[in-house]
Amino acid sequence: MAEQDPVILTWVQQAKQGDQDAFAELLYLFQDPVYNLCYRMLSDPAEAEDATQETFLRVFVNLHRYDIARSIKTWILSIASNHCIDRLRKRRMQLVSLDDEPTAAALALSSSDPLPEQAAMQGELSAFVQGLLEHLDAGYRLAVIYRYWYHYSYAEIAAAMGTTESAIKSRLHRARKKLAGLLQDAEESDRLADPSGKGN
């Protein structure tokens, strides 16, 4: 595992001792990744904000249990993902599974400032991808988010999700396969809606 930033480790140690300013630094550093994960899992901005707040409350309460040998980011995201899965279970949403490396390009949307036309296209693509994620079982969805949004290795995903690398590879394979089917269905729907194939 890569070495952790000594500044972040200092904040962690100080936060463990009750330093609220140090904890605030951790919150500012990780609130965007946590919110993004919650939004991708829950598909609702307001609920994602609520889940983000709950995540950091749990981080604060459980910080004394954090093992500095483990990535603090992975630990915090694990708390967020477990909370989101609990929310999904309570919501009793029935979801399905995602498949194929070509989807990585679609999932890893550009973070650079786009032109207005590009921004509109990226917004549509982001909404489309989010719609696909909603068809996934929570465990599959989380594996995909870790892999394609956070670029975690199989080993890191396995550690975050408390399972094996082979299980993660299998989960991602099934997820990509499901996504391929969803994309094919979407293309067929477009063709039926526009038989000329000319689009708008």
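Please treat every number below as a calculation from the coordinates, not as lab data. None of the values given here were measured: they were computed from a predicted structure. Backbone-built Cβ (ideal geometry, glycine too); neighbour counts: all protein chains shown.
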What does the highest-first list of 156-169, 56-69, 16-29 look like by mean Cβ count within 10 Å?
-> 156-169, 16-29, 56-69
Under a plain spin-label model, where a point goes 7 Å from the Cα along Cα-to-Cβ, how far apart in nm are VAL7 and ASN62?
-> 2.7 nm
For LYS73, the lysines lying under 18 Å Cα to Cα, once residues fewer than eight places off in the same chain are dropped, come out as LYS16
Give the Kirkwood hydrodynamic radius (Å, one decimal) of region 1-93, defined as one over the mean of 1/r across all pairs of different Cα atoms.
-> 13.6 Å
Would you tally the net charge around ALA159, using a Cβ to Cβ cut-off of less than 13 Å, leaving ALA159 out, and scoring K and R as +1, D and E as -1?
-> -1
Between GLN31 and ARG70, what is the FRET efficiency for a Förster distance of 35 Å, r being their Cβ-Cβ separation, to the nearest 0.05?
-> 0.95
Rounded to the nearest 20 Debye, what is the dipole magnitude of region 1-93 about its Cα centre when Lys and Arg each give +1 and Asp and Glu each give -1 at the C-beta?
-> 580 debye
Theoretical gain in end-to-end length, THR164 to ASP44 [0.36 nm per residue, Cα-Cα removed] = 40.2 nm
